[in-house]
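Structure record follows, encoded as structure tokens.
The values are calculated or read from the model by the stated rules, or taken from the named source; none is laboratory data. If you're wondering where the values come from, they're calculated on a predicted model, not measured in any experiment. Ideal geometry is used to build each Cβ from the backbone, glycine not excepted, and the neighbour counts take in all protein chains shown.
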Amino acid sequence: MHLLPKILSILAWLIAAAWLVRLGEALLGSGCVPNLTTPEFDAHPDGNPRLVVIVPARNEGASVRSSITSLLEQDYPDLRIIAVDDRSTDATGTTLDQLAAEPSNEPAGLGQTVKLRVLHVTELPAGWLGKTYAMALAAREAIENFAPEYLLFTDADVHFSSDALRRSLVAVTRARADHFVTLPTTLAKTGGEAVMLAFLQVLSVWAVRNWRIADPAAKRDAIGVGAFNLIRTEVYQQAGGFEALRMEVLEDLTLGRMLKRAGFRQRVAIAPGLVSVHWAAGIAGIVGGMTKNFFAVFEYRLGLMLAATLATGILCLGPALLLGVRDARLPSVLGWAAAAGLYVLCGRVSRISPWYALSMPVGAVLVIYAMLRSTLVTSIRGGVVWRGTFYPLHELRRHHAERLIRVAGKTDPMNR
């Protein structure tokens, strides 16, 4: 009986040490991640490179007008937008066509082209996910017609401030980056959303150290975000484009990992308020979105998912549960305080109050539930339902395995 409190005390100190070390690393590394809202990025990018923004949209009638309008209102001149209506059953396609037909989108003079072009996908070819097909189709259209230096892949529910793309291109050209992510500000419209989103952002610090993104030796620290994946066209083509990722549910993250491992220059920046997105409505909406994603994060490997779930529980529930053990009280408080420090750092981007650190145990329970639900639902269904289409699990796993074999079997064609 006397041994148990000592064991729990040791566990509490280990948890506290883990949080303190990660907070220390984040504090030291935070200066390595630029903030695009600072005056130094209020300039024009070197060479004013041509940019095409690609926006796949399926049943985004509620948000697509605002999103596309924010892109049309960018203060960067050499910009084209290709929006893809991916088999929508709502007003998405009609809204996009209306935007493309507005007088502001007509060519201003001889030899000039429209700013917004709309493509419609009515049938999905076999062996493709809807989103990857839409982006691959638009990328081919962009390269053939506009020859852009850069491609930006984003989503139809993302809103951009008028200077967001110009400032991002300034950072890209100065860093000579091949792949660049401007971290979006994730909007929380309810307290429940804030609890989950704040916790997920802190949890992500354990998965990817943003301050190590620029380090070519830190292969594990790679990033890809669906709201803002900016990539040099030449690099996109060398990597095989989305044709190489046609059955990847997490195509954004997989693209980032692939580019980092291939040795391309990857960079990330924060930009509070410049790029914003409301990910999902309420706790149920967030859990529903993660049902598709979480098992895919761990490559549909049950053991890896369960290990991650256990680690999340120990790290994030431990400080609260061990507060009741006298010998573990001090380290539990220290661990929770260190976690709160990460809430403060993440709040620089999310603008979610750091006081939500007090809700960390609630956020942990909800996210653990979402992780287990993703695993269970995907396994029982035998696949993933995304954008109205069912994709069998064995096909997703087979594609993933084949892609890894292709990468391993190549003699590094992506290395320059």
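Can we say residue 366 is modelled with pLDDT under 90, crowded, with 18+ Cβ neighbours inside 10 Å, closer than 15 Å to residue 294 by Cβ and over 19 Å from the mean Cα position of the chain (by Cα)? Explain how you work it out, then say what you get.
Values: modelled with pLDDT under 90: no; crowded, with 18+ Cβ neighbours inside 10 Å: yes; closer than 15 Å to residue 294 by Cβ: yes; over 19 Å from the mean Cα position of the chain (by Cα): yes.
So residue 366 does not fit the description; no.
Of the residues screened, residue 332 is one that is surrounded by 19 or more Cβ atoms within 10 Å (Cβ to Cβ), over 22 Å from the mean Cα position of the chain (by Cα) and over 13 Å from residue 203 (Cα atoms).
If you check 20, 27, 4, 11 for being assigned to a helix (DSSP H, G or I), of a type in the set (A, V, I, L, M, F, W, C), exposed (fewer than 12 other Cβ atoms within 10 Å of the Cβ) and out of contact with any His (no Cβ under 8 Å at 6 or more places or on another chain), only one passes: 4.
Does the range 188-198 contain any residue that is surrounded by fewer than 19 Cβ atoms within 10 Å (Cβ to Cβ), within 15 Å of the chain's Cα centre (by Cα), among the hydrophobic types (A, V, I, L, M, F, W, C) and within 27 Å of residue 19 (Cα to Cα)? No, the range 188-198 contains no residue that is surrounded by fewer than 19 Cβ atoms within 10 Å (Cβ to Cβ), within 15 Å of the chain's Cα centre (by Cα), among the hydrophobic types (A, V, I, L, M, F, W, C) and within 27 Å of residue 19 (Cα to Cα). The helices (runs of 4 or more DSSP H) located wholly in the range 221-320 that include 2 or more residues which are without any contact (Cβ under 8 Å) to a residue 12 or more places away in the chain occupy 282-297. Criterion first (touching a residue at least 24 places away in the same chain (Cβ under 8 Å), part of a loop (DSSP other than H, G, I, E, B) and either in the same structural domain as residue 176 (by TED's automatic domain parsing) or under 28 Å from residue 128 (Cβ atoms) (or both)) does residue 61 satisfy it? So residue 61 fits the description; yes.
Examine the range 391-398 for a residue that is under 18 Å from residue 132 (Cβ atoms), surrounded by fewer than 16 Cβ atoms within 10 Å (Cβ to Cβ) and at pLDDT below 80, and state whether such a residue exists. Scanning the range 391-398, I find no residue that is under 18 Å from residue 132 (Cβ atoms), surrounded by fewer than 16 Cβ atoms within 10 Å (Cβ to Cβ) and at pLDDT below 80, so the answer is no. Among the residues here, residue 379 does not qualify as closer than 26 Å to residue 314 by Cβ and surrounded by 15 or more Cβ atoms within 10 Å (Cβ to Cβ).
Determine, yes or no, whether residue 77 is in a loop (DSSP other than H, G, I, E, B), closer than 30 Å to residue 215 by Cβ and either at pLDDT 95 or above or not aromatic (Phe, Trp, Tyr) (or both). It is false that residue 77 is in a loop (DSSP other than H, G, I, E, B), closer than 30 Å to residue 215 by Cβ and either at pLDDT 95 or above or not aromatic (Phe, Trp, Tyr) (or both).
Residues are listed down the side, and each one gets a yes or a no for (1) at pLDDT below 95; (2) aliphatic (A, V, I, L, M):
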residue	(1), (2)
42	no, no
54	no, yes
60	yes, no
89	yes, no
